[in-house]
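The values are calculated or read from the model by the stated rules, or taken from the named source; none is laboratory data. Small disclaimer: the values here were computed from a predicted structure and weren't measured. Note that each Cβ is placed from the backbone with ideal geometry, even for glycine, and that neighbours are counted across all protein chains shown.
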Amino acid sequence: MFARYNTQVWPAQWLLLAVGLAAVGVLFTKASSRERVASAAIGLLWIWVGAIYHLGYFTTINPAAYVFGVLSIAEGLLFVWSAGADKLHLSWMGPSKWVGGALATYSLAIYPLLNVVLGHEFPAVPTFGLPCPTTILTLGILWWLRGQFTRVLAVIPILWSGIGGSAAFSLGVPQDLGLLVAGLVSLGLLRRRVSHPEEASRE
């Protein structure tokens with residue numbers, strides 16, 4: 001399935017990676033619209049994951065992918081809406097910047113490197129723009145953003161970290177162990193923001 005997807009959408013993988021890098025890179029600028037740009041970029045990635053991967057490919061081997069596709073598109077639309085509504089704001093305080101940075105680095109650099117180290121050859125590899133690396137990047141960026149709406153945006157990625165993380169065992173994709181770690185770590189962040197909503201708006 002990965003091989004068919006990668007062959008048929010090529011070279012979209014490079015564009016998707018550029019979108020992911022832009023979502024991270026813009027947050028390190030002083031642009032007044034940086035949070036909105038990053039949110040919109042992540043939203044577009046989730047819409048791709050839902051509409052193209054889940055509904056277009058994953059449904060051929062797993063009927064549950066119809067649900068995954070709808071949820072992914074919903075996540076993407078929520079990010080796009082939050083960008084237009086200016087709901088999210090950057091925060092580098094505390095450990096958030098380091099956790100977010102570690103997850104973003106894993107998704108964009110370490111994950112594809114592990115493909116090579118583990119002997120997974122293109123096109124039969126999970127490339128950026130597929131659910132797992134996209135989810136890891138999303139959770140990383142959510143560690144950098146504050147605002148009560150981050151609680152809503154974190155739910156679907158955390159759920160997928162548990163579902164998709166099973167691929168580390170069932171499909172022999174050990175790099176997806178990072179997805180499980182990202183989900184567990186971010187679950188703690190979500191719990192804190194639910195228990196202390198006032199911190200979500202100022203942390």
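Residue count for segment 175-203 under the criterion of being modelled with pLDDT of 80 or more and either among the charged types (D, E, K, R) or loosely packed, with under 14 Cβ neighbours inside 10 Å (or both): the result is 3. Looking at segment 160-169, can you tell me whether even one residue there is part of a loop (DSSP other than H, G, I, E, B) and polar (S, T, N, Q)? Within segment 160-169, one or more residues are part of a loop (DSSP other than H, G, I, E, B) and polar (S, T, N, Q).
Checked against the criterion of being closer than 17 Å to Trp160 by Cα and touching a residue at least 24 places away in the same chain (Cβ under 8 Å), segment 88-100 has no qualifying residue.
Determine which member of the set Ser82, Ser72, Ser91, Ser96 is in contact with a strand residue (DSSP E or B) (Cβ under 8 Å, 6 or more places away or on another chain) and under 29 Å from Arg146 (Cα atoms).
Values: Ser82 fails: in contact with a strand residue (DSSP E or B) (Cβ under 8 Å, 6 or more places away or on another chain); Ser72 fails: in contact with a strand residue (DSSP E or B) (Cβ under 8 Å, 6 or more places away or on another chain); Ser96 fails: in contact with a strand residue (DSSP E or B) (Cβ under 8 Å, 6 or more places away or on another chain).
Criteria check complete, one pass: Ser91.
Residue count for segment 92-141, restricted to those that are at pLDDT below 95 and of a type in the set (Val, Ile, Thr): 5. With respect to (1) assigned to a helix (DSSP H, G or I); (2) at positive phi, the lone exception for Cys132 is condition (2).
Against the conditions (1) touching a Leu at 6+ places or on another chain (Cβ under 9 Å); (2) over 15 Å from Ile42 (Cα atoms); (3) touching a residue at least 12 places away in the same chain (Cβ under 8 Å), Thr60 satisfies every one except (1).
Of Thr105, Thr127, all but one fail to be out of contact with any Lys or Arg (no Cβ under 9 Å at 6 or more places or on another chain), among the polar types (S, T, N, Q) and under 23 Å from Ala3 (Cβ atoms); the exception is Thr127.
A count restricted to segment 161-178 and to residues that are under 15 Å from the mean Cα position of the chain (by Cα) and more than 24 Å from Val26 (Cβ to Cβ) stands at 8.
Among the residues that make up segment 143-153, is at least one of them β-branched (Val, Ile, Thr) and surrounded by fewer than 23 Cβ atoms within 10 Å (Cβ to Cβ)? Yes, some residue in segment 143-153 is β-branched (Val, Ile, Thr) and surrounded by fewer than 23 Cβ atoms within 10 Å (Cβ to Cβ). Identification of helices (runs of 4 or more DSSP H) wholly contained in segment 1-115 with 3 or more residues that are crowded, with 21+ Cβ neighbours inside 10 Å and either in contact with a helix residue (DSSP H, G or I) (Cβ under 7 Å, 6 or more places away or on another chain) or of a type in the set (Val, Ile, Thr) (or both) yields 12-25, 34-48, 65-85, 96-105.
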